[in-house]
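> Can you read through this structure? Questions will come right after.
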Amino acid sequence: MGLLDGKRALVMGVGNQRSIAWGIATAFQREGARLAFNYVNDRMRDNVVTLVDTLPGHEGMPVLPCDVTKQDEIDALFAKVGEHWGGELDILVHSMAFAAVEDLRGRFHQISRDGLKLAIDVSAYSLIAISRAALPLFEKAGGGSVMSLTFNAVERVIPSYNSMAMAKAVLEAETRYLAADLGPSNVRVNTISAGPLKTLAGSAVRGISAARDLMEAKAPLRRNITQDEVGNVAVFLASELSRCVTGETIFADNGFNILGVAD
């Protein structure tokens, strides 16, 4: 038996095979979860469908459109997920982030007002929006687990992370507030702070390759993390093993966050 046997999980934010969301999805399926996915636009649909088609038992697995900046698409997504699973949901994964390239590669004081608003809308406010839409499905299921992905650029300055660091700060604060707000419905909310993996989103951040090299050289475990390892942390947060854990930022970075000076 798997840790997630029969659990219903909506995984939002798969972009390609390197996506952390994809590592989480495959770990969930390994542990017996039933899966559904979103795609943000027609350009990304083929990527997601092609990946989902590689999963065992993928027939009938929902792959649905949802741009999280559009409330009508969020409402439509959760209506369809509810129809598919009898009005119930157990697990919700938020793995979505976006910032304008010019706001990531310039100096921090030059980030634009509109760019910061967009980064926070896509990368942070969306967690509130989808959690709100999922709440009736969680309540019918008797509770649930929400998790998102962050990066340790909130308490540490990461060169060129800029507006995305501000969005992650909002996301981490939301995690605590949502945990307090949704806890009476037996819904837990946590975020995973993963190390610098080679992902589509991370590729826009200048110096991310150097960050990976630094982690391998200086992290207490002297290695970088893998997709599979983050997926395993997500399984823990989705399972009954973590039923007393909520409102937390869980570091999955081989201990790199504990270091004061890394050089």
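> What does the highest-first list of 40-51, 59-70, 124-135, 21-32 look like by mean Cβ count within 10 Å?
Ranking, from highest mean packing down: 21-32, 124-135, 59-70, 40-51.
> Mind running the shape call on region 54-101? Use the C-alpha gyration tensor, a ≥ b ≥ c as the square roots of the eigenvalues: rounded below 1.5 for a/c, prolate if a/b tops b/c, oblate otherwise.
Here region 54-101 falls in the oblate category.
> Return a whole-number percent for the relative contact order of region 1-107, with Cα pairs under 8 Å and 6 or more residues apart as the contact set.
With pairs under 8 Å counted, the relative contact order is 32 percent.
> Residues of the chain: accessible area per residue at 1.4 Å, in Å²?
Here the per-residue accessible area is 47 Å².
> Mind checking which of GLY142, GLY57, GLY183 has the largest fluctuation in a GNM of the chain, springs on alpha carbons under 10 Å?
GLY57
> Using all alpha carbons of the chain, what is the percent of pairwise distances in each 5 Å bin, ordered from the shortest bin to the longest?
The calculated distribution, bin by bin, is 1, 6, 13, 18, 20, 18, 12, 7, 3, 1, 0.
> Right, here's the next one. How large is the charge dipole for region 8-108, taken about the Cα centre, if only the Cβ atoms of Lys, Arg (+1) and Asp, Glu (-1) carry charge, to the nearest 20 debye?
It works out to roughly 380 debye.
> Using a Gaussian network model of the chain with C-alpha springs under 10 Å, which one of SER112, SER145, SER239 is most mobile by mean-square fluctuation?
Among SER112, SER145, SER239, the largest mean-square fluctuation in the Gaussian network model of the chain belongs to SER112.
> Which one, THR249, PRO56, MET12, is farthest towards the positive end of the dipole of the chain when Lys and Arg carry +1 and Asp and Glu -1 on their Cβ?
So the residue furthest toward the plus end is THR249.
> Here is a further query. Note down the net charge around THR54, summing +1 for each Lys or Arg and -1 for each Asp or Glu among other residues with Cβ under 15 Å from its Cβ.
-1
> Right, another one. To make sure I understand the rule: partners must be lysines, Cα under 20 Å from the Cα of LYS140, and not fewer than 8 residues away in the same chain. Which ones qualify?
Output for LYS140: LYS7, LYS80.
> What's the carbon and sulfur percent of the chain's accessible surface, probe 1.4 angstrom, rounded to a whole number?
So the carbon and sulfur contribution to the accessible surface is 54 percent.
> Let me ask something else. Net charge around PHE98, counting only other residues with Cβ within less than 15 Å of its Cβ (Lys, Arg = +1; Asp, Glu = -1)?
Once positives and negatives cancel, what remains is 0.
> Shifting gears a bit: Using only Cα atoms, locate the centre of region 96-132 and the centre of region 155-194, then give the distance between them in Å, rounded to an integer.
Spelled out, the Cα-based centre of one part sits 14 Å from the other.
> Here is a further query. Sequence neighbours fewer than 8 away in the same chain don't count; with that in mind, list the lysines whose C-alpha is under 27 Å from LYS168.
Those lysines meeting the cut-off are LYS70, LYS117, LYS198, LYS218.
> Of all the C-alpha pairs in region 1-139, what % are more than 19 Å from each other?
So the pairs more than 19 Å apart make up 53 percent of the total in region 1-139.
> Would you compute, from DSSP H runs of 4+ residues alone, the mean residue ellipticity of the chain at 222 nm, taking -39500 (n - 2.57) per run and dividing by the full residue count, rounded to the nearest 500?
Here the helix-only value at 222 nm equals -13000 deg cm²/dmol.
> Further question on the same structure: Short version: ³J(HN,Hα) in whole Hz for each residue of region 35-52, in order, from phi by Karplus 6.51 cos²θ - 1.76 cosθ + 1.60 (θ = phi - 60°), x for Gly and Pro, what are they?
Along region 35-52, the couplings run 10, 9, 9, 10, 9, 7, 7, 4, 5, 8, 4, 4, 4, 5, 4, 4, 5, 4 Hz.
> Under the classification rounded if a/c is under 1.5, otherwise prolate if a/b is larger than b/c and oblate if not, where does region 1-63 fall, given a ≥ b ≥ c as square roots of the Cα gyration tensor eigenvalues?
Prolate.
> For helix 126-141, what angle does its Cα long axis make with the longest principal axis of the chain, in degrees from 0 to 90 and rounded to 10?
30 degrees
> Would you mind calculating the relative contact order of region 92-161 from Cα pairs under 8 angstrom and at least 6 residues apart, reporting the percent as a whole number?
Normalised by residue count, the contact order of region 92-161 is 49 percent.
> Once you sort the root eigenvalues of the Cα gyration tensor of region 84-239 as a ≥ b ≥ c, which label holds: rounded (a/c under 1.5), prolate (a/b larger than b/c) or oblate (the other case)?
oblate
> May I pose another question? Lys and Arg at +1, Asp and Glu at -1: add these up for the other residues within a Cβ distance under 14 Å of THR69 and post the number.
Net of charged neighbours comes to -4.
> Let me ask something else about it. So for region 55-191, averaging the separation of alpha carbon pairs under 8 Å that are six or more residues apart and normalising by length, what relative contact order in percent results?
28 percent
The values are calculated or read from the model by the stated rules, or taken from the named source; none is laboratory data. Everything quoted here is computed from the prediction, not taken from an experiment. Cβ atoms come from the backbone with ideal geometry, glycine included; neighbour counts cover every protein chain shown. Note: accessible area is taken over every heavy atom of the protein model, side chains too, but ligands, DNA and RNA are not part of it. Shrake-Rupley method; radii C 1.70, N 1.55, O 1.52, S 1.80 Å.
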